[in-house]
1. From the list 139, 145, which one is among the aliphatic types (A, V, I, L, M), open to solvent by 30 Å² or more (accessible area, probe 1.4 Å), on the phi < 0 side of the Ramachandran plot and in contact (Cβ under 8 Å) with a residue 12 or more places away in the chain?
2. Could you grab me the full set of residues in the range 37-61 that are open to solvent by less than 50 Å² (accessible area, probe 1.4 Å) and either more than 20 Å from residue 106 (Cβ to Cβ) or not in a strand (DSSP E or B) (or both)?
3. For residues that are out of contact with any Leu (no Cβ under 7 Å at 6 or more places or on another chain), among the hydrophobic types (A, V, I, L, M, F, W, C) and assigned to a strand (DSSP E or B), tally how many sit in the range 131-170.
4. Which one of these is under 17 Å from residue 48 (Cα atoms), surrounded by 14 or more Cβ atoms within 10 Å (Cβ to Cβ) and aromatic (Phe, Trp, Tyr): 83, 69, 107, 131?
5. Note down all Cβ pairs under 6 Å where the first residue falls in the range 100-126 and is modelled with pLDDT under 90, the second is among the polar types (S, T, N, Q), and they're at least six residues apart or on different chains.
6. It is to be established whether one or more residues within the range 71-88 are in a strand (DSSP E or B), closer than 17 Å to residue 145 by Cβ and of a type in the set (S, T, N, Q).
7. Can you name the residue in the range 89-99 that is in contact (Cβ under 8 Å) with a residue 40 or more places away in the chain and not in a strand (DSSP E or B) and, of all such residues, is nearest to residue 150 (Cα to Cα)?
8. For residue 64, state whether it is more than 16 Å from the chain's Cα centre (by Cα), surrounded by 12 or more Cβ atoms within 10 Å (Cβ to Cβ) and either in a loop (DSSP other than H, G, I, E, B) or not aliphatic (A, V, I, L, M) (or both).
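The values are calculated or read from the model by the stated rules, or taken from the named source; none is laboratory data. Just so it is clear, the structure is predicted and the values come from calculations on it, not from any experiment. Heads up, the Cβs are rebuilt from the backbone with ideal geometry, glycines too, and the neighbour counts pull from every protein chain shown. These accessible areas exclude ligands, DNA and RNA; they are computed on the full protein's heavy atoms, side chains included. Shrake-Rupley method; radii C 1.70, N 1.55, O 1.52, S 1.80 Å.
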Amino acid sequence: TLEITETESLIIQGIMRIKNSIFIICVTLLLCSCDKNRVFDEYKSFDGTWNKDSIASFEFEQQDTTSLYNMFINIRNNNDYPYNNIFLIVEMLEPGNERAKVDTLEYQMAYPDGTLMGEGFTDVKESKLWYKENQRFPVQGTYKVNIQQAVREADKIPGVEELPGIIDVGLRIESTEE
């Protein structure tokens, strides 16, 4: 039989601790380095249905008035989402300004065969949708962004009351500087 002395056992334990520490450090560095441009990233949950009167509101502090940023709307949806596209009304309020900048946006959410677009290996897909490119925030302070769904069925005037298949809606801001 093979016998290990107490000294050899301590050496093996030390080597295992070093290997575990190196692994933890590598994973931490990998996770931190992947998202270095992120300035703001937050989600609001809708539990699978987004009511037309429900607004996803986000507030963020901005002190830098000179740098440029890219802004994205992130949608997490599942196979219950029945449409090829999504319409959103997005308003952004600057600090000290009561007038909002309002955009009506349309995004493609599915391929012609009905397969959902977006990233993900399960039935949940995440779509990172461009909102504003090279955006400068001219005023320091708290900005507010409101996102509301405005989907309508073909040849119908009223909007879809309950939009199925929407799990989360998010706002992401990234620095354009490396």
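1. After ruling out the rest, the residue left standing is 139.
2. Matches in the range 37-61: 37, 40, 48, 54, 57, 58, 60.
3. 4
4. 83
5. Within 6 Å, the pairs are 123/78; 123/79.
6. Yes; the residues of the range 71-88 include at least one that is in a strand (DSSP E or B), closer than 17 Å to residue 145 by Cβ and of a type in the set (S, T, N, Q).
7. 94
8. yes
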